[in-house]
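First up is the structure itself, then whatever we jot down about it.
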Amino acid sequence: MSAEVHNITSESFIEMNDLAVGYHRHAVVDHVNAHAGPDSLIVLMGTNGSGKSTILRTLAGLLEPISGDVSVLGDMPGTHHARCAYLPQHPASLTTLPLRARDVVAMGRFPRLGMIRRMGADDRAAIHDAMVRMSVHPFQDKPLHALSGGQQQRVHLAQVLAREADVLLLDEPTAGLDAQGRNAVARVIAEERARGRAVVLATHDLSDAEPADHVVLLAHQVIAQGAPRDVLTDDNLRACYGFTDRH
Amino acid sequence: MNDAFWAPFADNEFMRHALAAGVLVSILCAFVGVFVVLRGMAFVGDALAHGVLPGVAGAMLLGIPGFFGAAVGAGVLMGGVGLVTRRSRLSSDTAIGLFFVGMLSLGVIMTSRSSTFSGDITRILFGEILGTTTTQLWWQVVAVIAVGATVTLCHRPFLLLTIDPDLAQTSGFNASRFNVVMLATIAAAVLASFQTVGTLLVFGMLIAPAATAALVSRRLSTMILVAAIVGSVSTYLGLLISFHADLAAGATVVLVSVAIFLIVFAIAGGDHHAPPTHPAHGAHH
C-alpha cells in the first residue's frame, strides 16, 4: 500500500507477542503473534468458538491477557478509546431500541466528546460521512427496532466508522449482510487502510483473508500464522477445520 | 363544568399538594424510567420499589424517618444482587428475583408481627398522596434537581449502556461504575417517590409513562419530556377521578397512566414490529 506513510510513521499499531488470551485465568488460545503498523490488515480466521472473539476482546481492553505481551497504539489495550473502535458480534439490544439510527451512529463520537462537550461541525461531518459510506442515510430517522437485522448491522458499522479511529477491531462485520452489504464492508476496510488505519478482522470467510497482511488461523490453538500465501494452504485449512468438525 | 375539573384542587390544599407531588414524582420517574424501559431493567425497578419495604418497616420500629430505612433496604438489595451475580453462575435476573421476594417477605413479616403496623402496610404499599406535606414537596424538588442533573451529566454513558456495556467500556466510560450510578439514580428516584405514591405504585410511575414515551418518541430528550407529561396528566386525571368517584388516589393515578399507555399503543404502537416498508437497498435480512 502507501509506502510513504509507512516510512513517515514507524509507529506500531498492534503488537501481540506470544500472547495467551482467555477467561478467568484459563487460556482459550495461546502463542498468538502478530504485528501491525498503519494501513495493515490482520485477519483472525477460524470456526465458531476458535478464539477469534477472545483475541479481539483482549485487544479492545475488555479482557486481561493471560500471558505474553500485547499493545494497541503503543500502550495497554483499552488506553486510547478515541483511537480504537471495536465492533462486537451480534449487538443484541439493538432489536428493541426505539432510538433513531443516526443517533446510534452519533454515539461513535462519544469517546472524543467525553461526558459534556457539545458536538461540533467536524463531529456532524464524521457522522454523515459514516452513514453515507454504510448506506445508512436513507433510513437514518427510523427507529432501530423498525430496521432489518442487516440494516442494524450497517448502523453499528457506521458507528464504528464515525469514531474515525486509527485501529478498527471488527468481529464478523459481515454477519447478517447480503452480498451487497459484504461488498460494502470489504470496500470500507480497503478505504480505512488507504487512510492509514489498521484493521483486525475476525471472520470464517476465506475470501476475507486473502487481502490481509497477516493471517492467524485458529482452532482452539494457532494452526498457522503469517502471510496469507504461507498460512492459507490446503493442509493448514484442513487442520483448522478438522479440529472442530463443523462449518 | 370548569368547576368539576379545577374546583377540587382550588378548594382543597391536600389536592394541590397531591397534584404537585404527583407532578414531581412524574418528572423524577421520567428521568430514570426511560433507561429502565430502554435497558429492559423493569425487573430491577420492581425489585427496588418493593425491596425497600423491610427497610421502611425497620425504620418505623426504630422511630426514624422511613426514607433512611428505605435507603438501607435499597442498598442491601442492590449490594446483594451484585454479590450473588458476581460470585455465582446465576443470572442477575435470578439474583434479583431471590432478593426481591426475600425482602418483600421480610417486610410483610415485620409489619404483620407488630400491631402498631395495622394501617401502616397499606400506607407503605400505596403511599399517602393525599397526605403530602410541604416538607416532602421540598425534598422532592431537591431530588428532581439531583436526579435531573445526574441524568443530564451521564446521558452519554447511560445511552451507551442501553446498547451494550462493552460499548460503554470501549468508549472510555467505566461500564460497571456507570451501571452503579444508574442504579443509584433509579434508587434515589424510587426513594423520593415512595412516600407519596407508595412502593407498589412507584413502579407503575417508573414504567408506564416511560413505556408510552418509547412508543411515540425517537430521541432520549423527547422521551423524558413525553414521559414527564404523561405522568403529570395521569396524576391530574387520576386525582380528579378519585376525588369525584371516591377511589384510592395513588392507585387511580397509576391505573390512568397504564390506560394512557394502552390507548397510545392501540393508536400508534400497533405496527412497531412490522418489517420496514422501504428496506434500503440490499440491506434486508
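The values are calculated or read from the model by the stated rules, or taken from the named source; none is laboratory data. Computed from a prediction, not measured in an experiment: that's the story for all the values here. Note: ideal-geometry Cβ built from the backbone for every residue, glycine included; neighbour counts use all protein chains shown.
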- Filter result for the condition that a residue is in contact (Cβ under 8 Å) with a residue 60 or more places away in the chain, among the β-branched types (V, I, T) and either touching a helix residue (DSSP H, G or I) at 6+ places or on another chain (Cβ under 7 Å) or within 23 Å of A:D123 (Cβ to Cβ) (or both), over A:V160, A:V216: A:V160
- Message: Scan the range A:79-87 and tell me whether some residue there is modelled with pLDDT of 95 or more, more than 8 Å from chain B (Cβ to nearest Cβ), closer than 28 Å to B:A214 by Cα and crowded, with 16+ Cβ neighbours inside 10 Å.
- Response: no
- Looking at the range A:23-64, which of the residues that are in contact (Cβ under 8 Å) with a residue 40 or more places away in the chain and over 18 Å from the mean Cα position of the chain (by Cα) is surrounded by the most Cβ atoms within 10 Å (Cβ to Cβ)? A:V29
- Item | A:A82 assigned to a strand (DSSP E or B) and either in the same structural domain as A:H220 (by TED's automatic domain parsing) or in contact (Cβ under 8 Å) with a residue 12 or more places away in the chain (or both) | no
- Could you identify the single residue in A:S135, A:S148 that is free of Cβ contacts under 8 Å to residues at least 24 places away in the same chain and at the interface with chain B (Cβ under 7 Å from one of its Cβ atoms)? A:S148
- Tell me the helices (runs of 4 or more DSSP H) entirely within the range B:154-216 that contain at least 3 residues that are more than 14 Å from chain A (Cβ to nearest Cβ) and modelled with pLDDT under 90. B:175-216
